[in-house]
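Heads up, the thing below is written out as structure tokens.
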Amino acid sequence: MENILFKEENGIAEVTINRPKALNALNTQTLKELGVVIRDIAERKDIKVVIITGSGEKSFVAGADITEMKSKNAIEGREMARLAQKVFSDIENMSQIVIAAVNGYALGGGCELSMACDIRLASTKAKFGQPEVGLGIIPGFAGTQRLPRLVGKGIAKELIFTTDMIDAQEAYRIGLANKIYEPEELIIKAKEMAAKIMSKGIYAVSLAKSSINNGLNMDTESAFNFEADLFGLCFATEDQKEGMEAFVGKKKPNFKGC
Ligand code: CAA
């Protein structure tokens, strides 16, 4: 891997986009490498939470690589969008919980990458935006779809049409960032959140993720049915027995994740 760093500790994987000279812009190679890492992690039962961040102090990901994109034709442009959409969908759909630790610029494809994650933690230095129409293109890594689903259609259109870059506070206000931390605290807080999530019934956490993600793509009636099915499935797990027996016995549960 040339442009992706990978670390793991205590069930938490840390994936770092590492092209600091280009502010971690996503070229095809980086997208492919990210895809490989994500698919490897998806098969690892021992990894429960993934933290995605950017190398250096300035940028999470400053978008798709404009230098590479500038000479693309229509077919190649569509291929690049499809590649990124696939990788981001793999992130969104993996059973592990994914936290974006947004340490700086999250622009264009960077904002879109953060939106494919389950939770976005921002440093006070984070800046979010969708600058694409200023380059004569549209957000093509699923930004026109995930941004309105996260912040509502009106605000998404304003951000995409004006290309306004917003700071962490504004991202927090509109619901794009879940929490804001000082830069030096960001990864520590992401790991703390990961540990908190892992202390719960992690299989149930994963089913809750699936219920939210899949349910939002269904009509309400089907989504309720899907949720009820997953709720029922929880009763086949040891964690459900442990969680409820611990509650009744006034003890702390000792979940096994199965
Ligand atoms: N692609 C390629 N290179 C990039 C890049 C990008 N998206 N963003 C930054 N870089 C490169 C710069 O070209 C520069 O390289 P050189 O040192 O070789 O000149 C280096 O990173 C540092 O950048 P700047 O000198 O521009 O740093 P700055 O602090 O002055 O500005 C910035 C920072 C505001 C983020 C500015 O770099 C910028 O506007 N970048 C482009 C952001 C952008 O438009 N992103 C959207 C891309 S399109 C997209 O993502 C489509 C999609 O839907 C997926």
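The values are calculated or read from the model by the stated rules, or taken from the named source; none is laboratory data. These numbers were taken from a predicted model, which means no experiment stands behind them. Note that we place each Cβ from the backbone using ideal geometry, even for glycine, and neighbour counts take in every protein chain shown.
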- Do we have any residue at all in the range 169-177 that's under 13 Å from the mean Cα position of the chain (by Cα), away from the ligand (no atom under 12 Å from the Cβ), in a loop (DSSP other than H, G, I, E, B) and not assigned by TED's automatic domain parsing to the domain that holds L207? yes
- Item | Among the candidates V133, V102, residue that is over 20 Å from K58 (Cα atoms), of a type in the set (V, I, T) and either more than 12 Å from the ligand (Cβ to nearest atom) or exposed (fewer than 15 other Cβ atoms within 10 Å of the Cβ) (or both) | V133
- Answer yes or no: is there a residue in the range 185-207 that is outside any helix (DSSP H, G or I) and over 23 Å from N10 (Cα atoms). no
- Item | Among residues of the range 45-69, those that are away from the ligand (no atom under 16 Å from the Cβ), surrounded by 22 or more Cβ atoms within 10 Å (Cβ to Cβ) and in a loop (DSSP other than H, G, I, E, B), counted | 1
- Answer yes if at least one residue in the range 25-39 is free of Cβ contacts under 8 Å to residues at least 12 places away in the same chain, out of contact with any Leu (no Cβ under 6 Å at 6 or more places or on another chain) and not β-branched (V, I, T), and no otherwise. no
